[in-house]
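Each remark here refers to the structure printed beneath this line.
Derivation of every value follows stated rules applied to the coordinates shown; laboratory data play no part. This one's a predicted model, so the numbers in the text were calculated from it and none came from an experiment. Cβ sites come from the backbone with ideal geometry, for glycine too, and all protein chains shown count toward neighbours.
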Amino acid sequence: MQINDDVVKFFGVGRVFKDNAARINSLDFHRSEDLLVTAGEDDSIRTYNTQSGTSSKVLFSKKYGVAHICFTHDPQSVIYASTKGSDHKIRYQTMHDNKYIRYFSGHTEKVTGLCLSPKNDMFLSAALDRQVRIWDLRVNRSEGVMDAPSQSCVAFDQQGLVMCVGSDRGVMRLYDPRQYEHGPFITFTIPSESQSLEPISSMKFSADGKFMVAVLAGRVHLLDAFNGNMQHTFFTGSAKGGPALEATFSPDGCYLLSGCEDRSIVVWNLASKQEAARWAGHTGLPTALKWAPRRMLVASADTSLAMWIPNIQEMEARGIKWLQ
């Protein structure tokens, strides 16, 4: 199925899961398997089969809490940050037998971001202690530490060749993961947010590596990933200081999605910079959002999890061509 304006207009909720007793703070798709994992503020870790649209397993991290959850390359394992008490370890857990494989100690304050390399076992963490740490899943000590000027978030490009550290005032620093100790090879600032003290809440690269999206102070900024030039700013209706939103690219890099203050998901066409669709259905603000890498499927969450798919029957009834 090709992704175009007609198709995205006819996305609708395929399944809704109301399993959580509190907000879902993060979710992640596995890169090669039909799996989705969510982390909830009710301390739950839930997995879903995205082929069948069914819930498959639930575990709890009652003692430590769970946030910023990420699949590893193994579809049965995840890493996540702690949310409770003074224990700021990152936990590497197998969901098959509900056991911890490894703990990653080093951060002295709350972890604010995790990101796994798409190509190897390297991952990044950022925390309120103003440090970004570089880890290898196979070793429980950090491989490197970078000082950050403020609360930061982190991201890898889809080829695993570039890592980005974003901080307040719209500052974004790009590094070569193999030579991070030499400092960033380019630093750029989101112009309209140069005076904002709020941290960047979400960053992602498009699949082809040409663009980046950064969410800051309720605005979604599209930037050229090579030189940092601003391409466009999209507005979500969220006020500065509001809940942190997440934006995501479609797999072909032609569309950008974000939750909005009116509790909808808005889809922008990046060629025209215009709104292509707006999906309504959440009862709360959908702050967690991702497009599945292998399917025509979007997952979004507030306290409930929604899986969005195209309504093929309605498209065919209206004579819309959807096959490539």
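What does the charge count around Glu143 come to, taking other residues whose C-beta lies under 11 Å from its C-beta (Lys +1, Arg +1, Asp -1, Glu -1)?
So the environment of Glu143 carries a net charge of 0.
How much length, in nm to one decimal, is gained on full extension between Met1 and Asp252, taken as 0.36 nm per residue of separation minus their Cα-Cα distance?
Using 0.36 nm per residue and subtracting the Cα-Cα distance, I get 89.2 nm.
Hey, rough spin-label estimate for Arg318 and Leu59, points 7 angstrom out along Cα→Cβ, what's it come to in nanometres?
Label at Arg318, label at Leu59, 4.3 nm between them.
Show me, for segment 75-87, the HN-Hα J-couplings you get by feeding each phi into the Karplus relation (A = 6.51, B = -1.76, C = 1.60, θ = phi - 60°), rounded to Hz, glycine and proline as x.
x, 9, 10, 9, 10, 7, 8, 7, 10, 10, x, 9, 8
List every residue whose amide H lies under 5 Å from the amide H of Asn25, counting only residues 5 or more places away in sequence or on a different chain, with H placed 1.01 Å from N in the peptide plane.
It is Ala39, Gly40, Glu41, by chain and number.
To make sure I understand, if each residue's beta carbon is the centre and we count other beta carbons within 10 Å, what order do Tyr64, Tyr48 fall in, fewest to most?
Going from sparsest to densest Cβ surroundings: Tyr64, Tyr48.
Helix-only mean residue ellipticity at 222 nm, the chain, DSSP H runs n ≥ 4 weighted -39,500 (n - 2.57), per residue, nearest 500. What is it?
-500 deg cm²/dmol
Once the Cα gyration tensor of segment 148-264 is diagonalised, what are the square roots of 5 times its eigenvalues, in whole Å and ordered largest first, as equivalent ellipsoid semi-axes?
22, 17, 11
With a sphere of radius 13 Å drawn around the Cβ of Ser52, what net charge do the other residues whose Cβ falls strictly inside it have (Lys, Arg +1; Asp, Glu -1)?
0
Using 0.36 nm per residue, how much length does the chain from Asn227 to Asp121 gain when fully extended, once their Cα-Cα distance is taken away?
Answer, rounded to one decimal: 35.4 nm.
Excluding Asn98 itself, calculate the net charge of residues whose Cβ lies under 14 Å from the Cβ of Asn98, where each Lys or Arg counts +1 and each Asp or Glu counts -1.
Net local charge, Asn98 excluded: +4.
Take Arg263 and Ser77, extend 7 Å from each Cα along the Cα→Cβ direction, and tell me the distance between the two endpoints in nm.
Here the answer is 4.0 nm between the modelled labels.
Once label points are set 7 Å from the Cα along Cα→Cβ at both Leu197 and Lys99, what is their separation, rounded to one decimal in nm?
Spacing of the two 7 Å Cα→Cβ label points: 4.8 nm.
Rg to Rh ratio, the chain, alpha-carbon atoms and Kirkwood radius?
My calculation of the ratio gives 0.94.
So, by mean Cβ neighbours within 10 angstrom, what's the order for 40-47, 280-287, 162-169, 224-231 with the highest one leading?
The densest-packed peptide leads the list: 162-169, 40-47, 280-287, 224-231.
Amide H to amide H, which residues 5 or more places from Ser202 or on other chains are under 5 Å from it, using H placed in the peptide plane?
Val215
Determine ³J(HN,Hα), in whole Hz, for all residues of segment 12-28 in sequence, where each value follows from phi through the Karplus function 6.51 cos²θ - 1.76 cosθ + 1.60 and θ = phi - 60°; x replaces Gly and Pro.
Working through the residues one at a time gives x, 6, x, 9, 10, 10, 10, 7, 8, 8, 8, 4, 7, 8, 6, 8, 8 Hz.
List every residue whose amide H lies under 5 Å from the amide H of Thr50, counting only residues 5 or more places away in sequence or on a different chain, with H placed 1.01 Å from N in the peptide plane.
Leu35, Leu36
Is the shape of segment 196-324 best called rounded, prolate or oblate, per the rule: a/c under 1.5 gives rounded, else a/b larger than b/c gives prolate, else oblate, with a ≥ b ≥ c the square roots of the Cα gyration tensor eigenvalues?
oblate
What translational D, rounded to a whole number of µm²/s, comes out for segment 95-157 from Stokes-Einstein when the hydrodynamic radius is the Kirkwood one over Cα pairs, at 37 °C and 0.692 mPa s?
Approximately 268 µm²/s, per Stokes-Einstein.
Ordered by packing density, taken as the mean number of other Cβ atoms within 10 Å over each peptide's residues, highest first, how do 86-99, 248-261 rank?
248-261, 86-99
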